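The values are calculated or read from the model by the stated rules, or taken from the named source; none is laboratory data. The shown structure was predicted, so the numbers you read here are calculated from the model rather than taken from an experiment.
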Amino acid sequence: MELRNLLGYGLVIFGTAMLLFIPYRFDLTQAKTRIPTESDQSITIFIRKFLGYVGLSALFISLGLVLGILGYHWAAGLSWLDSLVEASMILSGMGPINPLSTTSAKIFASLYALFSGLIFVIAMGIVLSPLIYSLLSQLQVNRKTEHNENS
């Protein structure tokens, strides 16, 4: 018998034992629902806002990728798939794949590389800004002390 089969049978037996054991060990019918605290609500709000910022960052990256695909397809004459690969590699910072033969393709590639660097900085700024703001507010960096107010 293979090790993989033994692990599978072991997991099935363990899962069955847990399903049989849990109802007798814990009375699930009398479980009380926990009321969310203010801390839970603030974490939920932070996560929602953070996911919104991640979505905005993904939008900027997607727009940059679409511009690169269109540019490589028309300026360099690459196929759609090759344009996708080329734009993805430049946008991620890996570098070009296909050699560019025309002057217009080389100019576009250099401008797109600069644009991709800017998109990366913008995307990271969008994603990291709520994290840094949360960290600074937890450390209370922007609060004035009584000593500074009395002076």
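Numbers for the structure displayed
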{"quantity": "Verdict on GLY117 being at positive phi, under 21 Å from the mean Cα position of the chain (by Cα) and assigned by TED's automatic domain parsing to the domain that holds ILE61", "calculated": "no"}
{"quantity": "Condition broken by SER101, with the remaining ones in (1) of a type in the set (S, T, N, Q); (2) more than 16 Å from LEU70 (Cα to Cα); (3) part of a helix (DSSP H, G or I) satisfied", "calculated": "(3)"}
{"quantity": "Total residues in the range 98-151, condition β-branched (Val, Ile, Thr) and at pLDDT below 80", "calculated": "2"}
